[in-house]
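See below for the structure under consideration.
Each value in this text was obtained by applying a stated rule to the coordinates, not by laboratory testing. In this text, all values refer to a predicted model and were calculated from it rather than measured experimentally. Glycine also receives a Cβ, built like all others from the backbone with ideal geometry; neighbour counts cover every protein chain displayed.
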Amino acid sequence: MNKRVFLLGWLILCSTVIHAQFLRKMTDKVRHLTTSKTDTLLAEGPYEASYVKPVSEHASLVIGGDEQVMIDSVFEFDVAVYQEMEAWQGNQRVINGGEQVVIYYSSAAPRMAIHLLSKGNGARYQFYADFARGAQLSVTAIHQTGSGTKEKLDLTNIAPIYPAETGYLNQLVKTGGQKVIAGIACEAYVANNTVTDSGGVSSTGRTLVSAQVWVPLQPHALFPGYAFMPEYYKDQIATMLTAGNYPLVAMPLEVELVYSNGDREITYTTDIVSGENRAVRVADIIR
C-alpha cells in the first residue's frame, strides 16, 4: 500500500469526529506506530530533537524510522515547480478531486522536496530527499496531526510522494519522444503494466494500465544542485540511464495515467519560479 495512504489512515484515527468509525479496523496498525521506539518529535531546527514546543495546543508531528538517519527540519530551496493534478472519469472532470503540487529544488546543494495538497480532504503530504546526507523523509498530516518516516536514500527503491499512482515511477522506459514544457526540454518515458491502484482519488480495485511521463532532458536544468551529487548516487544514476530507466532526481513536468476502467489522472506544470530563496520547515505541515 502506498505510504501516504497508510499514514493518512493512521492520522484519521486521531480525529475525534471519525475516530469511532475506524478504530476497530485500524487498531493493529496504530499500535505498531505508537509503540515505535525510534519516534521523536521534530525540532524547529536545524535537526531533530527529543522535545519541541507544539505549534498549537492540538498540533502534533512525530517522526519515526531509521534512528541512524539524520534529517534536517529546515530546508532552503531556490527553485519551485507548481503543478496541478486533475482526475477524470470518462469525459467528466472530478470537481472535488485532484491535487496541488509544489516541487522544490536547491541550486546550492543536492536536495529536493515535494509538497502535495489533496483537494478532496485537505490532507497534506511531503517528501524530502537530501542526497548529501543520504536521507529521505516522508510526512503526512491532516487536522494538525502529522506522522513521518525517515529512511536511507537509495535511488533503486526511492518512493517519492506524487499524485495518484507512484509505483510506475520506478519502472519508466525511454521512448525517444521530446518536447518543451514551461521552457524546459523534456523527453518521454512510459510504463505499460498493470498495477493495483492505491492512491489519490482512485477507486478500489482499479488498475493502472499505462503511464505517459515527460521528464527534464537534463536534470540540472531544473535541479542545479544536481551537480553536487555524491559519487555513490552519480554511479546509480549512470547505471539506471544506461539501462534506459529514469532516476528520480528531477520529477516529471507532465504525466497522464490511464486506468482499466477508463479513468484518467493528468498532472501538468503551471509555473516554474527560479532564483527566489525560501526556507521550508517540515513542521509547517501541521500549521
Taking the mean number of other Cβ atoms within 10 Å as a proxy for protection, how do you rank 92-105, 179-192 from highest to lowest?
-> 92-105, 179-192
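Around Tyr104, with a cut-off of 10 angstrom between Cβ atoms, what is the net charge of the other residues, counting Lys and Arg +1 and Asp and Glu -1?
Computed value for this residue: 0.
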For segment 123-171, radius of gyration divided by Kirkwood radius, i.e. Rg to Rh on alpha-carbons | 1.00
Once both label points are put 7 Å beyond Cα along the C-beta direction, the Lys152-Arg287 separation in nm becomes 3.4
Can you sort Leu172, Leu117, Leu241 by how many other beta carbons sit within 10 Å, fewest first?
-> Leu241, Leu117, Leu172
With each label point set 7 Å from Cα along the Cα-Cβ vector, what nm distance links Glu256 and Arg93?
-> 1.6
For segment 72-98 and segment 257-287, what is the separation of their C-alpha centers, rounded to whole Å?
-> 4
